[in-house]
Amino acid sequence: MSSIRFLRSFLAVAHHGSFSEAAEHMALTQAAISFQMRALETDLGRELFDRTGRLAILNAAGRELLPEIKQLVEFYDRLKRPRTSPGELAGAVSIGAIVSCMGTLSKVVSQLKRQHPSLDVRVLSGKASELASKVEAGDLDAAFVVEGTRKVASMQWTPLYQEPLVVVAPAAVKAQSAAAVLSANPFLRFDRTQRTGRQIDRVLRRLGMHPEEFLELNAIETLVELVRQEVGVTLLPLLNGSNWLSSPDLRIIRLPDEVGQPSRSIGMVERRDHARQTITREICAQCLELFQARGHAQTVG
């Protein structure tokens, strides 16, 4: 039988769609990946890929075997987990987080690693959609992200908290309503290619607003800092634990009742029944405690 390394390489090729990208992911040469896949096909008695130029796409036989190989690798990883005493956490886990969750996640991970010396946690920052894709592909065990609209049966979602969408303006802005503020000032837009940006776009359409766009960034705190400097106004989720409501440089204005109470949902996504759920669930539970303790006031003027 082929070694478990070959099966991991198979999963990497299936995810990346090419031997070269899989080789980079696995820290091997392209020739080594190609050899492993030929050996695996020989061992299993069937071709698993359609090879076209630099591409290697799963054929029908490969797609049929994909879930079983994933389960086999997961089972092997469970066997490798060190046997620990009750309450002890041990083993390696990889967790991603969007920028706004990174501080809380890092604090929890740091505390857990001090309490459990055999615990090895790798933390990665990124965009919500990219992190969710890495979890689905098995490159990450879990990730703290904005909830998406696409539901995947193999993935599990644990909600953590909601962040209401609000208009953020400089303190000097005198207009009272969200619509008046947005229409009278340069608009600083959050990246509309991301989940939060697309949600903001939907809210603007429901408001019937076409604000004068000044710039577009994928950095919430940077947008807020530009508002402090009176560059313009923005529409953003009110970040959990932020000081925006008490800041003398800012005005936080709620959206009108006609658009409801739009908010983005933050939670942890992970694959169902992966081998490290004991660790990811403990990290999630401790992060939830901190998020709740830092929960912002919900009354917005």
* Structure fact -> For the chain the mean separation of alpha carbon contacts under 8 Å (6+ apart) over residue count, i.e. relative contact order in percent, is 19 percent
* Starting from the coordinates of the alpha-carbon atoms of region 182-301, obtain the Kirkwood hydrodynamic radius over all distinct pairs and give the value in Å to one decimal. => 16.4 Å
* Assuming R0 = 35 Å, can you tell me the calculated FRET efficiency for the pair S247 and S133, based on Cβ-Cβ distance, to the nearest 0.05? => 0.50
* **Accessible surface, region 144-301, averaged per residue in Å² (probe 1.4 Å)** => 48 Å²
* To do: With label points built 7 Å along Cα→Cβ from the Cα atoms of T52 and R198, find their separation and express it in nm.
  => 2.6 nm
* Column: log10 I(q)/I(0), Debye, Cα scatterers of region 171-238, q = 0.18, 0.23 Å⁻¹ -> -0.62, -1.04
* Asked: So, in nm, how far is label A172 from label L72 when the simple model puts each one 7 Å beyond its Cα toward the Cβ?
  -> 6.7 nm
* **Between region 6-78 and region 195-237, the Cα center-to-center distance that results, in Å** => 43 Å
* Top positive-direction residue, dipole computed over the chain with Cβ charges, set G91, I57, L236 -> G91
* To do: Using only the alpha-carbon atoms of the chain, report the extent along each of the three principal axes, biggest first, to the nearest angstrom.
  => 73, 50, 31
* Roughly speaking, to the nearest percent, how much of region 146-301's 1.4 Å accessible area is carbon and sulfur? -> 49 percent
* Each residue of region 233-240 in order: what ³J(HN,Hα) in whole Hz does its phi give by Karplus 6.51 cos²θ - 1.76 cosθ + 1.60, θ = phi - 60°, with x for Gly and Pro? -> 10, 8, 10, 8, x, 6, 4, 4
* Asked: Using the C-alpha gyration tensor of region 20-129, what are the square roots of 5 times its eigenvalues, in whole angstrom, with the largest one first?
  -> 35, 20, 13
* Of K113/K151; K107/K127; K107/K151, which ones are farther than 26 Å apart at the Cα? -> K113/K151; K107/K151
* Structure fact -> Residue-normalised 222 nm signal for the chain, counting each DSSP H run of n ≥ 4 as -39,500 (n - 2.57), nearest 500 deg cm²/dmol, is -13500 deg cm²/dmol
* Asked: If you wrap region 224-268's Cα atoms in a convex hull and average its projection over all directions, what's the area in nm²?
  -> 4.1 nm²
* To do: Can you give me the span-like helices of the chain, meaning DSSP H runs with 15 Å or more of Cα extent along the axis and Kyte-Doolittle mean at or above -0.5?
  => 4-16, 30-44, 60-80, 99-115, 277-293
* Asked: For K174, which aspartates and glutamates qualify as cross-link partners when the Cα separation must be under 17 Å and same-chain residues fewer than eight apart are set aside?
  -> E230, D249
* Considering only protein heavy atoms, what per residue accessible area in square angstrom results for region 1-116 with a 1.4 angstrom probe? -> 57 Å²
* To do: Take the chain, connect every pair of alpha-carbon atoms lying under 10 Å apart with a spring to form a Gaussian network, then pick out the residue of A142, A92, A60 with the largest mean-square fluctuation.
  => A60
* Structure fact -> The answer for the per residue Cα convex hull volume of region 89-209, in Å³, is 135 Å³
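The values are calculated or read from the model by the stated rules, or taken from the named source; none is laboratory data. Source: prediction; values computed, not measured. Because the Cβ atoms are built from the backbone with ideal geometry, glycine has one as well, and the counts that use them run over all protein chains shown. Side chains included, ligands, DNA and RNA excluded: accessible areas come from the protein's heavy atoms. Shrake-Rupley method; radii C 1.70, N 1.55, O 1.52, S 1.80 Å.
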